[in-house]
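Enquirer: What follows is a structure written as structure tokens; I'll ask about it next.
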Amino acid sequence: MIIHIKGAGDKELRPLQHIADMYDIDAEINMATKTNSEAVVTFEETRKGEYIALTATFIHTNGACLKETFQKHAPLLLSEKDIYKKAKQVRAHLFVKLLNKWTSTIQPWGTLTGIRPTKLWHSLYQDGLELAEIKEHLQNDYLVSENKAALLESIGRRQQKVLPDLYELHNGVSIYIGIPFCPTKCAYCTFPAYAINGKNGSVEAFLTGLHFEMEQIGAWLERTGVPVTTIYFGGGTPTSISAAEMDELYAKMYEVIPGIHDVREITVEAGRPDTITPAKLNVLSKWNIDRISINPQSFDNQTLKAIGRHHSVEETKEKYELSRKMGMKNINMDLIIGLPGEGTKEMEKSLEETEKLSPESVTVHTLSFKRASTMTKQKEKYKVAEKDEIEKMMEMTAAWMNSHHYHPYYLYRQKNILGNLENVGYSLEGQESLYNIIIMEEVQTIIGLGCGAASKWVDPVTKKIGRFANPKDPVSYNNRFEEYTDKKIASLDQLFKNHIDHKAVPE
Ligand SMILES: C[S@@+](CC[C@H](N)C(=O)[O-])C[C@H]1O[C@@H](n2cnc3c(N)ncnc32)[C@H](O)[C@@H]1O
Ligand code: SF4
């Protein structure tokens with residue numbers, strides 16, 4: 001359906017399109033009159049003293065006519081730019097209300113698209129709002145449901161408890177190390193995941209580049225004295241390289257990262273059970289790494305086969321027990337809601353099996369159809385549950401977590417996620433992953449090393465966010481890792497300029 005918008009700025013085309021995309025109406029938003037528009041939405045703005053009031057009408061060619069109004073406090077002293085920002089928020093608010101009415105549905109996240117809900121919660125908290133005021137603001141202005149507003153509060157509070165210095169971490173950094181290899185590619189995945197024995201650039205050349213990056217960044221940390229808070233090995237599957245290669249990599253990390261013994265957390269994703277071996281677990285233990293992920297995704301063999309995981313439920317359990325026996329103290333498990341062919345029955349089974357294993361944390365993803373994934377390209381082959389069932393699975397999972405003492409502690413949303421829902425990380429008391437909180441809340445710079453590693457620059461003074469991405473494929477990485485390292489160091493120098501200048505001043 002083509003919806004023609006009148007009375008909004010051109011810059012609002014994309015946000016309004018993102019809102020329309022949350023509904024099952026296949027909408028195309030346009031700002032220029034098109035003769036084939038099926039509906040016209042008109043915004044009218046008036047100022048009433050200290051308030052701006054907006055009215056939105058939706059008129060469909062079938063004769064339907066809907067109307068909504070909303071006003072927002074806008075002190076007279078506000079700049080033009082700030083008034084426009086407020087009016088834009090109100091237009092998004094009214095658009096959601098109109099589409100809720102038109103489709104007889106309610107969007108649990110209201111107008112929140114392209115923004116991290118927990119980040120918004122923290123920014124309102126730091127603005128000095130009381131908890132009740134934050135909730136009210138989220139529900140009234142952003143149309144977030146009561147349940148989701150409560151979820152944000154419990155996550156925000158937990159993050160503050162787990163990281164008491166959450167709002168002061170910007171003077172340090174965390175390090176992400178991307179290992180882009182996997183035994184096979186899963187049908188839903190678009191992460192850098194190249195066949196470990198494939199022709200996409202040799203593992204050896206990749207590790208040479210990674211060692212080089214680590215040395216250079218280690219030297220920068222040494223020179224500047226910037227402290228490292230957490231280190232995270234992700235991918236891909238970091239345990240798809242050999243035990244000897246893992247050993248050399250961790251040896252290098254201990255050799256070159258200053259203050260490594262004070263780093264608060266080191267995590268290695270061992271996601272695919274089929275990569276875990278006693279030799280690799282020995283290497284992890286040797287380097288005092290006892291936080292890993294072992295990801296079942298599902299506890300149904302048929303599903304695992306359909307999504308191309310090439311490991312069985314039995315292997316997940318066996319490798320989990322082995323990891324426990326060999327000293328892994330903090331094990332996370334990823335589950336995905338809404339995998340093809342799965343409904344509440346399969347979810348119930350996954351939760352029952354999770355209970356038997358008793359991991360320290362569980363990250364519950366909702367399936368997202370990523371544009372470049374095999375699953376999206378061959379969508380007709382992968383039948384997934386309807387929205388109502390997805391919501392039921394999400395609700396039963398949240399209830400299960402609650403009754404089993406797992407607290408939600410981080411949350412993020414993705415595009416094209418089933419039911420327009422979210423991914424939530426749950427954890428037993430005190431077992432949360434600090435890195436997951438740091439990356440989601442963007443509270444400090446993350447230096448990304450290796451393939452597909454995205455560096456995130458958080459300016460310690462302005463808190464402005466910048467990004468830098470290493471290439472996803474090993475061939476490009478292997479050819480140009482030196483250049484990428486130089487660029488990162490130049491950005492880091494710029495970012496921590498004050499810190500470095502300060503350090504240079506003699507006592
Ligand atoms: C970067 S992946 C790596 C994990 C590890 N290689 C594995 O497969 O177990 C992290 C997690 O994201 C989730 N994930 C990846 N693609 C997804 C998708 N399209 N929809 C929902 N969750 C997804 C999976 O649960 C996966 O464990
Ligand atoms: S989900 Fe994990 S194992 Fe599967 S392809 Fe992606 S990164 Fe590799």
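Quick note: the coordinates plus some simple rules give every number you see, no bench work behind them. Since the structure is predicted, the reported quantities are computational estimates derived from the model, not experimental observations. Reconstructed Cβ throughout: ideal geometry from the backbone, glycine too, with neighbour counts over all protein chains shown.
Enquirer: Hey, what's the per residue convex hull volume over the C-alpha atoms of region 392-474, in cubic angstrom? Please report the intermediate quantities before stating the final value.
Expert: Working: hull volume 11.6 nm³, N = 83.
Cα-based convex hull of region 392-474, divided per residue, equals 140 Å³.
Enquirer: Okay, moving on. Using only the Cα atoms, what convex hull volume per residue in Å³ does region 108-148 have?
Expert: Looking at region 108-148, the number lands at 59 Å³ per residue.
Enquirer: Rounded to the nearest whole Å³, what is the per residue volume of the convex hull around the Cα atoms of the chain? List each step's numbers first, then the result.
Expert: Values: hull volume 85.9 nm³, N = 507.
It is 169 Å³ per residue.
Enquirer: In deg cm²/dmol, rounded to 500, what helix-only [θ] at 222 nm does the chain give when every DSSP H run of at least 4 residues adds -39500 (n - 2.57) and the total is split over its residues?
Expert: Dividing the helical sum by the residues of the chain leaves -13000 deg cm²/dmol.
Enquirer: Can I ask one more? From Cα pairs below 8 angstrom and at least 6 apart in sequence, can you work out the relative contact order of the chain, rounded to a whole percent?
Expert: For the chain, the relative contact order is 14 percent.
Enquirer: Quick one: if you stick a label point 7 Å off each Cα along the C-beta vector at Thr69 and Lys329, how many nm between them?
Expert: 6.2
Enquirer: Cross-link partners among lysines for Lys48, C-alpha distance below 28 Å, same-chain residues fewer than 8 apart left out?
Expert: By straight Cα distance, Lys48 reaches Lys6, Lys11, Lys67, Lys72, Lys81, Lys85, Lys86, Lys88, Lys97, Lys101, Lys135.
Enquirer: Same structure again: Please compute the alpha carbon radius of gyration of region 200-258, then divide it by the globular-protein estimate 2.2 N^0.38 Å. Two decimals is fine.
Expert: With N residues counted in region 200-258, Rg over 2.2 N^0.38 Å equals 1.19.
Enquirer: Normalized C-alpha radius of gyration of region 20-167, against 2.2 N^0.38 Å?
Expert: 1.19
Enquirer: Over region 1-62, with a single point scatterer placed on each C-alpha, what log10 of the ratio I(q)/I(0) does the Debye formula yield at q = 0.14 1/Å?
Expert: -0.43
Enquirer: Right, here's the next one. In whole Å, largest first, what are the principal axis extents of the Cα atoms in region 290-434?
Expert: 43, 29, 27
Enquirer: Right, another one. Can you work out D for region 235-293 in µm² s⁻¹ from Stokes-Einstein, where Rh is the Kirkwood radius over C-alpha pairs, the temperature is 20 °C and the viscosity is 1.002 mPa s?
Expert: 182
Enquirer: Ranked from highest to lowest mean number of other Cβ atoms within 10 Å per residue, what is the order of the peptides 473-486, 146-159, 378-391?
Expert: 146-159, 473-486, 378-391
Enquirer: Computed FRET efficiency, Cβ-Cβ of Asp10 and Arg157, R0 30 Å: what is it to the nearest 0.05?
Expert: 0.15
Enquirer: What distance in nm separates the simple spin-label points at Glu215 and Glu136, each placed 7 Å from Cα in the Cβ direction?
Expert: Label at Glu215, label at Glu136, 6.0 nm between them.
Enquirer: Tell me which GluC sites (Glu not before Pro) from region 30-97 have a DSSP coil assignment and no more than 13 other beta carbons within 10 Å of their own.
Expert: Those that pass, being in a loop and sparsely packed, are Glu50.
Enquirer: Go from 0 up to the bin containing the longest alpha carbon distance in region 440-507, width 5 Å each, and give me the % of pairs per bin.
Expert: Answer for region 440-507: a P(r) of 4, 16, 24, 19, 16, 11, 6, 2, 1, 0 percent.
Enquirer: So for region 1-105, Kirkwood radius off the Cα pairs, Stokes-Einstein at 4 °C and 1.567 mPa s: how many µm² s⁻¹?
Expert: Values: Rh = 14.1 Å.
In µm²/s, the coefficient rounds to 92.
Enquirer: Let me ask another. Where both partners of a DSSP beta bridge lie in the chain, what percent of those bridges are antiparallel, to the nearest 5?
Expert: Here the antiparallel bridges make up roughly 50 percent for the chain.
Enquirer: Set the Förster distance to 60 Å, then compute FRET efficiency between Glu386 and Glu248 from the Cβ-Cβ distance, nearest 0.05.
Expert: The value I calculate is 0.75.
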